[in-house]
Amino acid sequence: MPKMKNKELNHELNLIAFISLLSVLICSLLLTAIWVQIGSMNVKQAVGGQSVDSKEKTPTLWAKMQSSGDVVFQLDEAPKVNKALRDLRVQNIEGAVNKEKVNEYLSELVKTLPHLRTGLVKPSAETLYEDIILLMDQFKKAGLVDLGVSPL
């Protein structure tokens, strides 16, 4: 019978590489768990998402921004408002939105319809982003809380 050499059965394992790999995986797991919470947003569709029967009739103010810089206001679902407040065209001043006229119109409209909450902006393709934000800021100052931008 051949003689077997006594081999060492106790071996040391190098665990440093394994521990480094686990620490990197744990860090990436923690980061992605945070991204999942940050990346979520509560969004509901403002126009067209409700059925016809369940949708209650609330007044909505549409601000259609023309390519010339004028803003045309149209009020929907408000039958007891006079024609001057229902449809109004605000001329631009030197290519920019006339803030004073818009502010006067919105304050008069909110006095007439205190339950008005929804304001939607419909820009044209040539409308500047700054003008959209300016108009939405005017809506917010007037007390409209449900704001939206309609796609082109």
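The numbers here are math on the coordinates, done by the rules we state, and not lab data. Every value quoted in this text rests on a predicted model; they were computed, and no experiment measured them. Because the Cβ atoms are built from the backbone with ideal geometry, glycine has one as well, and the counts that use them run over all protein chains shown.
Treat the count of other C-beta atoms within 10 Å as a stand-in for reagent exposure and order H11, H115 from fewest to most.
Final ranking by Cβ density, sparse to dense: H11, H115.
Based on the Cβ-Cβ distance of V145 and A33, what FRET efficiency does E = 1/(1 + (r/R0)^6) give at R0 = 25 Å, to the nearest 0.05? Efficiency for this residue pair is about 0.15. Take 121-134, 64-77 and order them by the average number of nearby Cβ atoms within 10 Å per residue, most first; the result is 64-77, 121-134.
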